[in-house]
Every structure is written in C-alpha cells, then in structure tokens.
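Notes follow the structure.
The values are calculated or read from the model by the stated rules, or taken from the named source; none is laboratory data. Quick caveat: nothing in here was measured; it's all calculated off a predicted structure. Glycine gets a Cβ as well: all are built from the backbone with ideal geometry, and neighbour counts include every protein chain shown. Only protein heavy atoms, including side chains, enter the accessible area calculation; ligands, DNA and RNA are left aside. Shrake-Rupley method; radii C 1.70, N 1.55, O 1.52, S 1.80 Å.
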Amino acid sequence: QQLVAQEQQLLAQQQQLGLKAEQLHQLEMERRRLHNLVQELKGNIRVFCRVRPVLPEEQEKQKGPELLHFPSSDGKSLVLSRPEECHRGSVRYDFSFDRVFPPGASQREVFEEISLLVQSALDGYSVCVFAYGQTGSGKTYTMEGPPDCGPESRGLIPRAVAGVFQGSRELAEKGWEYDFSASFLEIYNESLRDLLVARRARGAELEIRRVSANSEELHVPNLRCVPVTREEEVLGLLQTAAANRSVARTALNDRSSRSHSVFQLRIHGFHPGRDLHCSSVLSLVDLAGSERLDRSLSQGERLRETQAINTSLSTLGLVIMALSNKEPHIPYRNSKLTYLLLNYLGGSAK
C-alpha cells in the first residue's frame, strides 16, 4: 500500500512537472513576442550619434565658443552653432536622433543601447549594426575597441558576442541549444576579401551567390566560417582580421580604413524537446570612412578607393531610406555591401 501511494505521488509530481514545463515554455514564447513588439515600437531602423573627444593634435584648432551643444533634457538632441560673418553672429542647426552620446560617453553606455538587439538575435531575428561616419571619427574604436584594450574599452563586437554567449547559457536552462559560427570579410573596391585568411593564402576573388535557384537567400562560397563557443575565440578572430584589413595613410587620417569590414555571427537555436528551430545572423559592420576628395588629396590607388567607398556609402543611404519609406523597390544590387546584407536589412530584421 505504501509503494502504491508513493507511485501515485510520483506520477502526480511528474504531471505537475510537465505542467510547469509547459507554462515555462509558454512564458518564454510570450517573452519573445513582447520583446520583439517592444523593439518594433522603438523602430526597426534607428540612428544613434556618437561624438568623439577632441584629440590632442586638434586642441590648437578649437578656438572660439564651443560648436556642439548637448541639451540635457532627453539625450536625443544635438545643436551645432557655426559662426558666419554675413550674419554677424552664429547660425544654429538642431538635430535629433534616437540617442546622442556626448564625448564623455563610455563604450559600455553605447553598447547598452543595442544590448536588447542581441537578445533579438538569439530569438531568431537578424540584427545589423553599422558604424558610419567620416574618416578618423572613431568607427573602428567603437566597433572593436583599441588594440590590446582592457575590459572597459572593448568595442561593440566583443561585447555583443559576450552578450550572445551569456544569453545562450540562460536559455539552455529552458531547453534551448545553440550553435555559433563567425566570419569576417572586407569589401575593398567592390571586391570581397576573407579577413580570416592571410593575404598570401587567398585564392580566387569571393562572390555573392544564391544558396539555390529556388531561394532568395544569399551566401559567399569559400568564405571561412569558424565555429565558436567562447568569447575568447572571437577575440582571436578579431586580431587576425585587424592584421589583414586594408588600411592606408591619407591627408585626413594616418590609419584610414580603406574597406568595409563585415563581422557576422551565425546563430542556430534548437529546442530538442519541442522540435523548435530558430536561425539568425548578427552583422556588425565597420564602414570605411567617407572623405571629401578636395580635402583628402587622394591620387592614384587612394583616389579609386575613395570613389568606391563614397559610392557604396551613398547606395547604403539610399537602401536605408527606401526601407524607411517602405518603397516597393530597394536598390540592394547597386553595391556589394548592400547586396551582401540583402537578407539581413529588410523584413523583420533590426
């Protein structure tokens, strides 16, 4: 009788456990739905503005009143005042963004603005973050951090990867299993180069292809994709990519990035207990800096690089504008950069 009672008690506990597991799963799916709803209400396309500090060699040029002002009311406004002789004073220009980071903002503060998008990537939504600006404005610093940087100065890429791995460990407690693979390429003069392969070991030029004739999904055959399980492995890939990236000295920047650097983390999630799958790509892009030809004094190879950079940046602007306006035609194919990211910019991507 005691054994029968214990078996009945065990059966009741198993049923209760199954009920709790079902409730936990339903709560997790509801969390995903609400999280995505919040992100879409914030806007699938957002623009942040970060102003870097004045460098020591620029101090002498900073004369007169401050040109930039940061109203403290909302953290979303930026005021530019420019002295103009014809007006015998200064002209004021007001700008608004989804968020403005003044020169004193830390790398951690910048990452916090996109940290929720990292969760979206784990939930199965593709996420794309661009660093856009003039040459020397601090894009590579923001995305990667300085060489041999400490924890506080790490950029968005290592912080995002750490957030992805941390989030996957938390979701493992709810039955989810994740696989990750990373790739790193650059787009130089409208050609694709694998940054995880040494220059002397590179083969034929990489091309963007359809996965199959019946699919709109694109991929880059022969691009090296490295399985990763820890943040330290990604940091090693960052160092390899930085050593292989195309940089050059120009009149505006001693180490100007002459290519668009595209880091992609492919995420595949699987819940074996419920046969659920989710896949996404986290793309973190350090764009080459825009330059005015009359100021960069570019000639020869540097001139061709600048023209290719400015043309592809203009195309990116047109694509983002077309997506914002929900236009029927999006000019993805006008540059290798936007064509490569075609699957990760429209639809439900962030």
Inset, instruction - Specify the residue that is surrounded by the fewest Cβ atoms within 10 Å (Cβ to Cβ); the eligible residues are those in segment 188-208 that are of a type in the set (K, R) and either within 22 Å of T311 (Cα to Cα) or touching a helix residue (DSSP H, G or I) at 6+ places or on another chain (Cβ under 8 Å) (or both). - result: R199
Inset, instruction - Kindly indicate which of S72, S81, S96, S90 is of a type in the set (S, T, Y) and touching a residue at least 24 places away in the same chain (Cβ under 8 Å). - result: S90
Legend entry - Among residues of segment 160-187, those that are among the aliphatic types (A, V, I, L, M), outside any strand (DSSP E or B) and open to solvent by less than 30 Å² (accessible area, probe 1.4 Å), counted: 5
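Can you tell me how many residues within segment 99-121 are free of Cβ contacts under 8 Å to residues at least 24 places away in the same chain and touching a Phe, Trp or Tyr at 6+ places or on another chain (Cβ under 7 Å)? Can you show your working first?
Keep residues of segment 99-121 that are free of Cβ contacts under 8 Å to residues at least 24 places away in the same chain, which gives 109, 112.
Subsequent filtering for residues that are touching a Phe, Trp or Tyr at 6+ places or on another chain (Cβ under 7 Å) retains 109.
The number of residues fulfilling the criteria is 1.
State whether the residues of segment 45-54 include one that is farther than 22 Å from K139 by Cβ and modelled with pLDDT of 85 or more.
Quick first cut of segment 45-54, residues farther than 22 Å from K139 by Cβ only: none.
No, there is no match, as no residue in segment 45-54 is farther than 22 Å from K139 by Cβ and modelled with pLDDT of 85 or more.
What do you reckon, is G124 in contact with an Asp or Glu (Cβ under 9 Å, 6 or more places away or on another chain), in contact (Cβ under 8 Å) with a residue 40 or more places away in the chain, assigned to a loop (DSSP other than H, G, I, E, B) and surrounded by fewer than 22 Cβ atoms within 10 Å (Cβ to Cβ)?
Values: in contact with an Asp or Glu (Cβ under 9 Å, 6 or more places away or on another chain): no; in contact (Cβ under 8 Å) with a residue 40 or more places away in the chain: yes; assigned to a loop (DSSP other than H, G, I, E, B): yes; surrounded by fewer than 22 Cβ atoms within 10 Å (Cβ to Cβ): yes.
So G124 fails the test.
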Legend entry - Cβ pairs under 6 Å, 6+ apart, first in segment 31-58 and under 25 Å from G145 (Cβ atoms), second polar (S, T, N, Q) and surrounded by fewer than 11 Cβ atoms within 10 Å (Cβ to Cβ): V54/Q62
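Residues are listed down the side, and each one gets a yes or a no for (1) in contact (Cβ under 8 Å) with a residue 60 or more places away in the chain; (2) within 26 Å of Y339 (Cα to Cα); (3) of a type in the set (A, V, I, L, M):
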| residue | (1), (2), (3) |
| --- | --- |
| V164 | yes, yes, yes |
| K174 | yes, no, no |
| Y178 | yes, no, no |
| S181 | yes, yes, no |
| F184 | yes, yes, no |
Legend entry - Tally of residues being buried (at least 16 other Cβ atoms within 10 Å of the Cβ), of a type in the set (D, E, K, R) and either under 27 Å from Q39 (Cα atoms) or without any contact (Cβ under 8 Å) to a residue 60 or more places away in the chain (or both) across segment 302-350: 2
